[in-house]
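The values are calculated or read from the model by the stated rules, or taken from the named source; none is laboratory data. Computed from a predicted model, the values in this text were never measured in an experiment. Reconstructed Cβ throughout: ideal geometry from the backbone, glycine too, with neighbour counts over all protein chains shown. Surface areas here come from the heavy atoms of the whole protein model, side chains and all, with no ligands, DNA or RNA. Shrake-Rupley method; radii C 1.70, N 1.55, O 1.52, S 1.80 Å.
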Amino acid sequence: MTNNDLEFPPYVAGWGMANGHLQSIVPSVFRRVSVPYQRTRLELEDGDFLDLDELPAPSVGAPLVIISHGLEGNSHRAYVQGMARHFHDAGWRVIAWNFRSCSGEMNRLPRFYHSGAIADLKAVIAQGMAQGADQIFLVGFSMGGNQTVLTLAEPDLPNTVVGGAAFSVPLDLEACAHALARPAQGIYMRRFLRDLKLKIADKAVRFPDKVSLSGYDNIRNFKQFDDRYTGPLHGYRDAEDYWHSCSSANVLDRLRRPTLVVNALDDPFLASPCYRRPSNASSNLLLETPLRGGHVGFMRWRLNQTLWSEFRALAFARSCQETAAYRTGGPVL
């Protein structure tokens, strides 16, 4: 990371916005951003698929940004489209990928997606490379941020990947699951469970030997949901096994490329371990903890214009390009 990156202006909430719940809810409900995606389908080796929404390269040799959304999000969420717009306007090609079951069409297999499903993100990276990208930057939000951090620690990470930025990252999945189980966070928990119910109901019809909807309405938190569904469907013993195996806090000492993590201190989804830099953390980790910003917020009143998080991600991407160019002796595109 460069000195300019370390000096990037911190996020400061506008007047009347110093509230984590406001920051989390208002952009999600009221922000309007639309970009002209072109959809392609990536067939996977296990018989499933990923739907990718792309913005083509504005010029020959343009670098590529791959954007990963959050839990029960998709590529059309305003925070994804805003990031896509900002990078594309700056001359980047964009792939905003949809997790399995999140593109508007249910995936084919009993499994769907989870916080540690980095094989899918690695498949998107491979697709970008196959299309000719020679510089790739990763951006992730929330669950997609956890996947991004995990991927940036992979020992087989291609040299093409120059770095990544992750916002509102549940670095410790167990601590964050307990935080969201608190009564004060009930509005978020109920929404997640309501949305996930539709997918569980679909899979219960198609795979009755593996998935049942019976008793679903008794589920009140992620511990119960992950014990019953996420863990067993994805090869984990239970919720604790899943959380401990997939928390990106486990890999902060092994990051292979410059990695920016931005977690606002007023984020209602996160817990205290998400704000601590481990003593053995890699020198590639830049952890920023602004006082405000909520969960995937970082807004000011002009919601439809570029947000601080979008400026921050592009600035860090450019610093990663400079670092990669210095390492390889190549140009910064």
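Which is small (Gly, Ala, Ser) and in contact with a helix residue (DSSP H, G or I) (Cβ under 7 Å, 6 or more places away or on another chain), of Ala57, Ala78?
Going through Ala57, Ala78 in turn, just one is small (Gly, Ala, Ser) and in contact with a helix residue (DSSP H, G or I) (Cβ under 7 Å, 6 or more places away or on another chain): Ala78.
Given Leu193, Leu171, which one is under 20 Å from the mean Cα position of the chain (by Cα) and in a helix (DSSP H, G or I)?
Leu193
Might you let me know whether segment 148-156 holds any residue that is open to solvent by 20 Å² or more (accessible area, probe 1.4 Å), without any contact (Cβ under 8 Å) to a residue 60 or more places away in the chain and more than 23 Å from Arg93 (Cα to Cα)?
Checked against the condition, which is being open to solvent by 20 Å² or more (accessible area, probe 1.4 Å), without any contact (Cβ under 8 Å) to a residue 60 or more places away in the chain and more than 23 Å from Arg93 (Cα to Cα), segment 148-156 yields at least one hit.
Where residues in segment 177-190 are closer than 24 Å to Pro273 by Cβ and not aliphatic (A, V, I, L, M), which of them is surrounded by the fewest Cβ atoms within 10 Å (Cβ to Cβ)?
Within segment 177-190, the match that is surrounded by the fewest Cβ atoms within 10 Å (Cβ to Cβ) is Pro183.
Each row is one residue, and each column tells you yes or no for (1) in a loop (DSSP other than H, G, I, E, B); (2) open to solvent by 10 Å² or more (accessible area, probe 1.4 Å).
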position	(1), (2)
Ile67	no, no
Glu72	yes, yes
Ser75	yes, no
Met83	no, no
His88	no, yes
Ser103	yes, yes
Pro110	yes, yes
Ser115	yes, no
Ala123	no, yes
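Select from segment 205-246 the residues that are among the small types (Gly, Ala, Ser) and open to solvent by 50 Å² or more (accessible area, probe 1.4 Å) and write down the one among them that is nearest to Glu174 (Cα to Cα).
Ser245
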